[in-house]
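Please read the structure below before turning to the comments.
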Amino acid sequence: MSTATTTTTVGGLKVVKPTVQSHIRDYFGRVRGGDLGSLPAVLGLVLLCVIFGVTTDTFTSTLNIANLFNQGASGIFIAMGLVFVLLLGEIDLSAGYASGVAGAVMAVLLTNHGMSWYVAIPAALVTGLLIGFLLGFLVAKVGIPSFVVTLAGFLGFQGVLLLLVKGGTNISVRDKFTVALNNNNLSVTWSWVLAAVIIIAFAGVQLNNARSRLSRGLVSDPWGIIAMRIVGLTVVTIVFTLLLTQERAINPAINSLKGVPIVVPIIGFFYVLWTFILGRTSYGRHIYAVGGNTEAARRAGIPVDRIRISVFVLCSFMAAVGGIIQVSRAASVDPNTGGSNVLLYAVAAAVIGGTSLFGGKGKIVHAVVGGFVIAVINNGMILLEFSDGVRYVVTGIILLVAASVDALSRRRAAATGNR
């Protein structure tokens with residue numbers, strides 16, 4: 001028997017199954033061939049956490065760990081949407097102010113018109129859908145480059161935001177449900193329930209995938225690798241839940257702070273949803289096909305224009321989600337909501353996480369990992385009292401490195417035939 005593979009019989013069929021050693025060897029072979037995925041971002045995130053953890057005691061406190069989720073959530077949601085657009089080799093420069101417009105629509109309905117959250121939040125989401133359809137239609141049907149269309153949107157939506165908040169007015173949001181989305185926490189009990197659901201669901205998906213592939217006579221990952229994934233996720237989930245269910249309030253007698261931030265399961269929901277759509281549906285396969293070779297996709301019968309419109313719709317929808325979360329965090333909306341560096345950080349998150357600027361390569365996990373990289377950089381440098389100038393320079397350098405890694409890995413993949 002080969003040391004690289006094992007043979008098993010399933011339903012009368014002989015199935016060749018790789019061993020743990022061959023699986024690991026193949027993985028590093030793909031890495032050397034240019035298929036890096038989110039590996040550089042993960043390594044960078046670990047390195048940044050070690051550096052900030054050593055240089056400041058506050059960074060590793062439970063209060064700060066919880067704040068990282070709250071601080072990075074809005075950018076992660078916007079970056080998730082940008083992944084869809086970047087997969088087609090397009091860009092959306094208006095996503096930041098689109099999030100601001102959606103957040104302002106919600107705030108105006110809640111505060112100025114006294115409507116309930118179950119009216120205001122859907123209205124904000126519909127605003128995002130309409131914005132995305134307009135952008136996508138102009139790009140796909142009129143033929144205007146996405147850079148020009150979304151640059152116009154960047155300027156136009158900034159004006160719409162100013163009109164909604166009447167110039168420079170700050171609109172406070174007092175709706176308890178809305179404010180709780182990115183400020184409150186699950187109870188300790190529900191935090192552990194969430195942890196159990198994550199572990200059981202992940203284990204179930206991994207085992208079901210292996211069983212399904214084996215039953216069809218297809219090669220599946222070794223059981224050892226599957227076990228390592230399940231154990232690894234279990235350890236990480238339990239450690240973070242233990243940390244976040246500890247008391248982290250400065251004065252617990254006045255205001256107790258325990259539990260996983262509410263925004264965490266919201267991030268998890270959209271991560272699972274979009275990962276499933278991209279990886280398990282024909283629509284997701286069509287996105288990758290159009291991003292990889294538009295003309296070939298068109299000849300294969302894929303509705304390219306509809307795909308292009310849809311990714312802008314999804315991008316602006318997720319920008320609206322990010323805007324809602326941003327307004328929830330600040331409990332207000334003003335002319336700067338969605339502006340400043342919101343767009344730049346969201347694009348940086350997607351690219352740093354591993355999504356290619358050239359189209360055809362990217363996953364939702366890249367937005368999540370990249371979003372946490374950005375959040376850790378900002379959080380750590382603020383704790384170390386670095387100036388805004390230093391933070392922008394460091395973030396810019398990291399983005400440039402990520403783009404360089406992307407370009408070099410694509411060149412390497414093309415040279416080794418792994419494209």
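I'm checking my understanding of the structure. Among residues of segment 323-359 that are in contact with a Lys or Arg (Cβ under 9 Å, 6 or more places away or on another chain) and of a type outside the set (F, W, Y), which one is surrounded by the fewest Cβ atoms within 10 Å (Cβ to Cβ)? Working first, answer last.
Pass one, segment 323-359, residues in contact with a Lys or Arg (Cβ under 9 Å, 6 or more places away or on another chain): 331, 353-356, 358.
Cutting the leftovers down to of a type outside the set (F, W, Y) gives us 331, 353-356.
On the way: A331: 15, G353: 31, G354: 26, T355: 30, S356: 20.
Within segment 323-359, the match that is surrounded by the fewest Cβ atoms within 10 Å (Cβ to Cβ) is A331.
Could you give every pair whose Cβ atoms fall below 6 Å, whose first residue belongs to segment 215-242 and is at pLDDT below 95, and whose second residue is surrounded by 16 or more Cβ atoms within 10 Å (Cβ to Cβ) and of a type in the set (V, I, T), counting only separations of at least 6 or pairs across chains?
G217/V15; P222/T19
Just to be sure, is G159 closer than 30 Å to L109 by Cα and in a helix (DSSP H, G or I)? If you could, list the steps in order and put the result at the bottom.
Numbers: closer than 30 Å to L109 by Cα: yes; in a helix (DSSP H, G or I): yes.
Yes; evaluated as a whole, the condition is true for this residue.
With respect to the numbered conditions (1) of a type in the set (G, A, S); (2) farther than 17 Å from A201 by Cα; (3) assigned to a helix (DSSP H, G or I); (4) touching a residue at least 40 places away in the same chain (Cβ under 8 Å), which one is the sole condition not fulfilled by A289?
Single failed check for A289: (4).
Pairs, please: C-beta under 6 Å, at least 6 apart or cross-chain, first residue in contact (Cβ under 8 Å) with a residue 12 or more places away in the chain and in a helix (DSSP H, G or I) and in segment 293-310, second surrounded by 14 or more Cβ atoms within 10 Å (Cβ to Cβ) and of a type in the set (K, R)?
Qualifying pairs under 6 Å: V304/R298.
Go through (1) more than 30 Å from F147 (Cβ to Cβ); (2) in a loop (DSSP other than H, G, I, E, B) for V272 and report which single condition fails.
In the conditions (1) more than 30 Å from F147 (Cβ to Cβ); (2) in a loop (DSSP other than H, G, I, E, B), V272 misses (2) alone.
Residue-by-condition table, conditions (1) under 17 Å from the mean Cα position of the chain (by Cα); (2) hydrophobic (A, V, I, L, M, F, W, C); (3) farther than 26 Å from N64 by Cβ:
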{"site": "S316", "(1), (2), (3)": "yes, no, yes"}
{"site": "A319", "(1), (2), (3)": "yes, yes, yes"}
{"site": "S332", "(1), (2), (3)": "no, no, no"}
{"site": "F358", "(1), (2), (3)": "no, yes, yes"}
{"site": "K363", "(1), (2), (3)": "yes, no, yes"}
{"site": "I377", "(1), (2), (3)": "yes, yes, no"}
{"site": "L384", "(1), (2), (3)": "no, yes, no"}
{"site": "S387", "(1), (2), (3)": "no, no, no"}
{"site": "I397", "(1), (2), (3)": "no, yes, no"}
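Please specify each residue of segment 188-221 satisfying the condition of being buried (at least 17 other Cβ atoms within 10 Å of the Cβ) and either in contact with a strand residue (DSSP E or B) (Cβ under 6 Å, 6 or more places away or on another chain) or among the hydroxyl-bearing types (S, T, Y) (or both).
S191, L214, S220
Just checking, how many residues over segment 263-302 are of a type in the set (A, V, I, L, M), surrounded by fewer than 14 Cβ atoms within 10 Å (Cβ to Cβ) and modelled with pLDDT of 95 or more? Break it down into steps so the answer makes sense when it comes.
Start the filter on segment 263-302 by keeping residues that are of a type in the set (A, V, I, L, M), which leaves 263-264, 266-267, 272-273, 277-278, 287, 289-290, 296-297, 300, 302.
Filter again for surrounded by fewer than 14 Cβ atoms within 10 Å (Cβ to Cβ), leaving 273, 296, 300.
Those left that are additionally modelled with pLDDT of 95 or more: 273.
The total comes to 1.
So, of the residues in segment 215-240 that are within 28 Å of the chain's Cα centre (by Cα) and in a loop (DSSP other than H, G, I, E, B), which turns out to be farthest from L194 (Cα to Cα)?
As a first pass, look at segment 215-240 and keep what is within 28 Å of the chain's Cα centre (by Cα): 220-221, 225-240.
Among the residues that remain, those that are also in a loop (DSSP other than H, G, I, E, B) are: 220-221.
Working: S220: 28, D221: 27 Å.
So the residue we want is S220.
Would you confirm, using the coordinates I've provided, whether A79 is assigned to a helix (DSSP H, G or I) and either in contact with a Ser or Thr (Cβ under 8 Å, 6 or more places away or on another chain) or within 25 Å of E247 (Cβ to Cβ) (or both)? Full working, then the answer.
Details: assigned to a helix (DSSP H, G or I): yes; either in contact with a Ser or Thr (Cβ under 8 Å, 6 or more places away or on another chain) or within 25 Å of E247 (Cβ to Cβ) (or both): no.
For A79, the condition - assigned to a helix (DSSP H, G or I) and either in contact with a Ser or Thr (Cβ under 8 Å, 6 or more places away or on another chain) or within 25 Å of E247 (Cβ to Cβ) (or both) - is not met.
Can you go through I382, I307 and tell me which one is within 23 Å of Y283 (Cα to Cα) and surrounded by fewer than 24 Cβ atoms within 10 Å (Cβ to Cβ)? Write out each step before concluding.
Details: I382 fails: within 23 Å of Y283 (Cα to Cα).
Residue meeting the stated conditions: I307.
Pairs needed: first member in segment 56-68, part of a loop (DSSP other than H, G, I, E, B); second member anywhere, surrounded by fewer than 18 Cβ atoms within 10 Å (Cβ to Cβ); C-beta distance under 8 Å; at least 6 residues apart or different chains.
If the second residue must be surrounded by fewer than 18 Cβ atoms within 10 Å (Cβ to Cβ), the pairs left are T56/L383; T56/L384.
May I ask you to say which residue of G380, G359, G370, G322 is in a helix (DSSP H, G or I) and over 30 Å from V105 (Cβ atoms)? Can you show your working first?
Working: G359 fails: in a helix (DSSP H, G or I); G370 fails: over 30 Å from V105 (Cβ atoms); G322 fails: over 30 Å from V105 (Cβ atoms).
Answer to the selection: G380.
The values are calculated or read from the model by the stated rules, or taken from the named source; none is laboratory data. These figures come from a predicted structure and were not determined experimentally. All Cβ positions, even for glycine, are placed from backbone atoms using ideal geometry, and neighbour counts span all protein chains on display.
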